[in-house]
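**Q** The structure's right below; bear with me while I get my questions together.
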Amino acid sequence: MTRTKLAVVAAFVVLVATSCNYATMAQASKDRGDPVPWWCNPTDEVPVTAGPASGTVDWYAGTHKAPLTWEQCLSLSTTLDQAKAYAMQWPTAGAAAADGWDMSTPYVPGMGTHHVQNAMTPEFLNSPSFNKDDPDLSSGGLDDVFDPTRPEVLQFDGNGPNAKLVGFDYDVHTSTGLPPEGFPGNNDWWHHHPKICFRKTDAVMTGFNQSDSTCTASNGINVLFQCAVSFANRS
């Protein structure tokens, strides 16, 4: 069965450029008798089909996000701390590039860059064996495993080497066309990208949902990224 790409984009914001420790803050809130903190109670319910980059499949139509239980919140907070520690190994775009992270999407305000490790490269795109309708990106960690402590995509606040890490995304390929189970609760809403045009010379994204002829005219190739959801992060 054809695998489809699912990239998870979080419905809440994870602070990566501060000394915040989510597990400690969550436990302190619980001990005070406070409600679960904001990262365990997201309220943004923008449909996953919104925006020019997204596709038409919405697995969450008619559902709503809700506060996590304290058990779920404490577990999620520990996971976010682990994911943040992993991503902070590359505090700048230059550090990431030196360790094999390639910029597949240039900087976009409010979204940052998208850097992936040893996955989308010109050699890969131009290989005779490359299947644009079912790309195997597992060599870069974009596989069928959802590990919440190891985000597959890093986001930086600019295109230069001194750009700072501001977030991370998750990318999962599934054989069902459905999102993975993901995080506790119903708050991580996954979306999909039917077509992303990558330039063959440098493997940089140049557009979403373009016709094949338009993409080809810019020396690009339309790659099927069937499903996606993301964690948005900022400093």
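**Q** Pull up the cross-link candidates among the lysines for residue 200, meaning alpha carbon to alpha carbon under 24 Å and not fewer than 8 places away within one chain.
**A** The qualifying lysines are 5, 132.
**Q** Now for a different question. Near the amide H of residue 112, under 5 Å away, which other amide H atoms are found, from residues 5 or more places off or on another chain, if H is placed in the peptide plane?
**A** Here the answer is none, since no amide H 5 or more places off falls under 5 Å of that of residue 112.
**Q** For Cα pairs less than 8 Å apart in space and 6+ apart in sequence, what is the mean separation divided by the residue count of region 100-149, i.e. the relative contact order in percent? Provide the component values of the computation, followed by the final result.
**A** Numbers: 46 pairs, mean separation 14.5, N = 50.
29 percent.
**Q** How do 64, 115, 193 rank when sorted from fewest to most other Cβ atoms within 10 Å of their own Cβ? Working shown, then result.
**A** Values: 64 9, 115 25, 193 19.
Taking fewest neighbouring Cβ atoms as first place, the list is 64, 193, 115.
**Q** Straight-line reach from residue 164: which aspartates and glutamates have Cα under 16 Å away, leaving out those fewer than 8 places along the same chain?
**A** Within the straight-line limit of under 16 Å, residue 164 reaches these aspartates and glutamates: 99, 102.
**Q** So for the chain, averaging the separation of alpha carbon pairs under 8 Å that are six or more residues apart and normalising by length, what relative contact order in percent results?
**A** The normalised contact order for the chain reaches 33 percent.
**Q** Cβ under 10 Å from residue 93's Cβ, residue 93 left aside: what net charge do those residues give with Lys, Arg +1 and Asp, Glu -1?
**A** With Lys, Arg at +1 and Asp, Glu at -1, the net is 0.
**Q** Sticking with this structure for a sec: Could you compute Rg(Cα) / (2.2 N^0.38 Å) for region 90-214, with N its residue count? The partial results should precede the final answer.
**A** Values: Rg = 14.7 Å, N = 125, 2.2 N^0.38 = 13.8 Å.
Working it through for region 90-214, the quotient is 1.07.
**Q** Another question, if that's okay. What fraction, in whole percent, of alpha-carbon pairs in the chain exceed 30 Å separation? Could you put the intermediate results ahead of the total?
**A** Values: 6384 of 27495 pairs.
Here the tail beyond 30 Å accounts for 23 percent of pairs.
Readers should treat all values here as calculations from the given coordinates under stated rules, not as data from a laboratory. Since we're looking at a predicted model, the values are computed, not measured. For neighbour counting, all protein chains shown are included, and Cβ atoms are generated from backbone atoms with ideal geometry for every residue, glycine included.
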